1. What residue, among those in the range 1-13 that are in contact (Cβ under 8 Å) with a residue 60 or more places away in the chain and either crowded, with 18+ Cβ neighbours inside 10 Å or polar (S, T, N, Q) (or both), is nearest to MET76 (Cα to Cα)?
2. How many residues does the range 101-154 contain that are part of a strand (DSSP E or B), closer than 29 Å to PRO45 by Cα and either more than 20 Å from the chain's Cα centre (by Cα) or among the polar types (S, T, N, Q) (or both)?
3. May I ask you to list pairs of residues, at least six apart or on different chains, whose Cβ atoms are under 9 Å apart, with the first in the range 231-258 being over 18 Å from THR282 (Cα atoms) and the second being outside any helix (DSSP H, G or I) and of a type in the set (Lys, Arg)?
4. When you scan the range 285-319, how many residues do you find that are of a type in the set (A, V, I, L, M, F, W, C) and assigned to a loop (DSSP other than H, G, I, E, B)?
5. Condition first: within 20 Å of the chain's Cα centre (by Cα) and either outside any strand (DSSP E or B) or free of Cβ contacts under 8 Å to residues at least 60 places away in the same chain (or both). Now tell me which residues in the range 376-389 satisfy that.
6. Looking only at the range 379-389, which residues are buried (at least 16 other Cβ atoms within 10 Å of the Cβ) and either at pLDDT below 95 or of a type in the set (A, V, I, L, M) (or both)?
7. Which one of these is basic (Lys, Arg) and in contact (Cβ under 8 Å) with a residue 12 or more places away in the chain: LYS22, LYS72?
8. Does GLY40 meet the test of being at pLDDT below 95 and either of a type in the set (S, T, N, Q) or crowded, with 21+ Cβ neighbours inside 10 Å (or both)?
Amino acid sequence: MDVIAELTKDFETLFGKKPEQKFFSPGRVNLIGEHTDYNGGHVFPCAISLGTYGLVSKRSDKKVRMYSSNFKDIGMIEFDLSDLRYTEKHNWANYPKGVIDTFNKNGFDVTSGLDLIVYGTLPNGAGLSSSASIEVLMAVILNTLFQFNIDMIQMVKMCQQTENQFIGVNCGIMDQFAVGMGKENCAIMLDCNNLSYRYSKIAMDGYKIVISNTNKRRGLGDSKYNERRAECERALKDLQTKLSIRSLGELTEAEFEANKNLITHTVDVKRARHAVYENQRTLNAVKALEENDLKQFGKLMNDSHVSLRDLYEVTGIELDTLAQMAWEQKGVVGSRMTGAGFGGCTVSIVAENDVEAFIENITKVYTEKIGYAPSFYVANIVNGAGKLK
C-alpha cells in the first residue's frame, strides 16, 4: 500500500482540500542500555523504518482538527488553540496537543490552527516509542509551518517536557532523542547525563534487526516505570551520603560494589546494580561493535536481558519466552527486551538466511505457551524525523 497516496486521498475527503506538507517520524529501538537513561547512563538506540506519517495544512483560524487512520472509531478530534488542556476523550491527540502547548510555553507561539491526518505503522504500546514518534512529528511540523528555526536537540527536549509535564510520564530523553536525531545505518551512543552523543555505524552485512512483539499491551504511565525510577533515586540518595555523584551512571562496577552497603533497602540495591552494570555493558557493547566483534555485542545483549529479568524485574513471562527462544535459534547473535518492559518487544540480531525459520519456530512455541501469537518486524535503521518530498 502506498501510505502517502492513501493518506492524501483521506485528507482530501476529510478536510476538502489538499495537504500542504508531508512528514515522517520514525520509531526507535534501543539495542542496549535499558533503564539507564534516567539514571544518567549511556544508551544505544537507533531510529527504525516503522513510524508515524503526518499530512498537514495550515488554517487561517485558531481551530485544530486531527484525525488518525489508526483510530477511525475515535473520529475527528477538534480543539481550539485557546484551550490546550489535557482531555481524556482526546485520547492519542493529547500527544501532539501537548507539543503545541509546550511550544507556546517556551516562547514559540503557534498563531494559527491546522488540519492534520496521521497514520502510524508502529504497534501501539509495544515499547517502540509510538508516543515519542508522534511528539517529534508534531514538533517538526510546527517548526516547519511556523518557521521557528529551532534545532532538533531543542525540539527533542521540548518533546520530553511534553511527556513529563503534559502527559505525566516521568520518562528520560532517549526516545525523543533517537526519533529526532536518528541517522541511516547508525545507532546513537548517547550519554544521558550531558546529551553528548556520537554515531556508530552498524555494519551488519548479512544480519537483520528483528523486532518481536509480545502483543501484550503495556501503558507506560500505569506500568511500574515510575516505581523503578523512584527506587533508583532512593538508592542514589543513599550513595550520596558518602559519594559526590549526580547519577548512578557515574559509577563503575567496582565503585558500586565498594559502596552498596550505603543503600538501605535491599530491593534498591538490585535496581541500582542493574543501572550501573547496564551502563558499563553499553560502553563495552559499543566498543565491541566498533571493533566488528558482533559475537561479543550479542553476548552483552543477552546479559542485558538477564539483568532486566533478575535485577530490574521488568520482563515477565512473555518477554522472557521470546528472549529464551531466540537464544536457542540458529543464526541469532543476541536478543533482549527493549523499551520499558512489562510487555512490549524484544530486539534480536539474526542472520538474514535464518530470519524465516526464526519467526516460524518462535511463533509456534510462543503461541503454545502464551495462548496467542507474537508479531515480527524486520526493521531498517533510518534517519530521524523530517519533511518528506
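The values are calculated or read from the model by the stated rules, or taken from the named source; none is laboratory data. All figures in this text were calculated on a predicted structure; none of them were measured in a lab. Please note: Cβ atoms are built from the backbone with ideal geometry, for glycine as well, and neighbour counts cover all protein chains shown.
1. Here the residue is PHE11.
2. If we filter the range 101-154 for residues that are part of a strand (DSSP E or B), which is where we start, we get 114-120.
So of that shortlist, the ones also closer than 29 Å to PRO45 by Cα come out as 116-120.
Going one step further and asking which of them are either more than 20 Å from the chain's Cα centre (by Cα) or among the polar types (S, T, N, Q) (or both), we end up with 116-117.
Matching residues across the range 101-154 total 2.
3. Between residues of the range 231-258 that are over 18 Å from THR282 (Cα atoms) and residues that are outside any helix (DSSP H, G or I) and of a type in the set (Lys, Arg), the close pairs are LEU236/ARG246; GLN240/ARG246.
4. First, the residues of the range 285-319 that are of a type in the set (A, V, I, L, M, F, W, C): 285-286, 288-289, 294, 297, 300-301, 306, 308, 311, 314, 317, 319.
With the extra rule that they be assigned to a loop (DSSP other than H, G, I, E, B), the set shrinks to 311, 314.
Residues in the range 285-319 being of a type in the set (A, V, I, L, M, F, W, C) and assigned to a loop (DSSP other than H, G, I, E, B): 2 in total.
5. Matches in the range 376-389: ASN380, VAL382, ASN383, GLY384, ALA385.
6. Here is the first cut: in the range 379-389, the residues buried (at least 16 other Cβ atoms within 10 Å of the Cβ) are 379, 381-382, 384-386.
If the condition is that a residue be buried (at least 16 other Cβ atoms within 10 Å of the Cβ) and either at pLDDT below 95 or of a type in the set (A, V, I, L, M) (or both), then ALA379, ILE381, VAL382, ALA385 are the ones that fit.
7. Details: LYS72 fails: in contact (Cβ under 8 Å) with a residue 12 or more places away in the chain.
Going through LYS22, LYS72 in turn, the sole match is LYS22.
8. Numbers: at pLDDT below 95: yes; either of a type in the set (S, T, N, Q) or crowded, with 21+ Cβ neighbours inside 10 Å (or both): yes.
Here the answer is yes, as GLY40 does meet what is asked.
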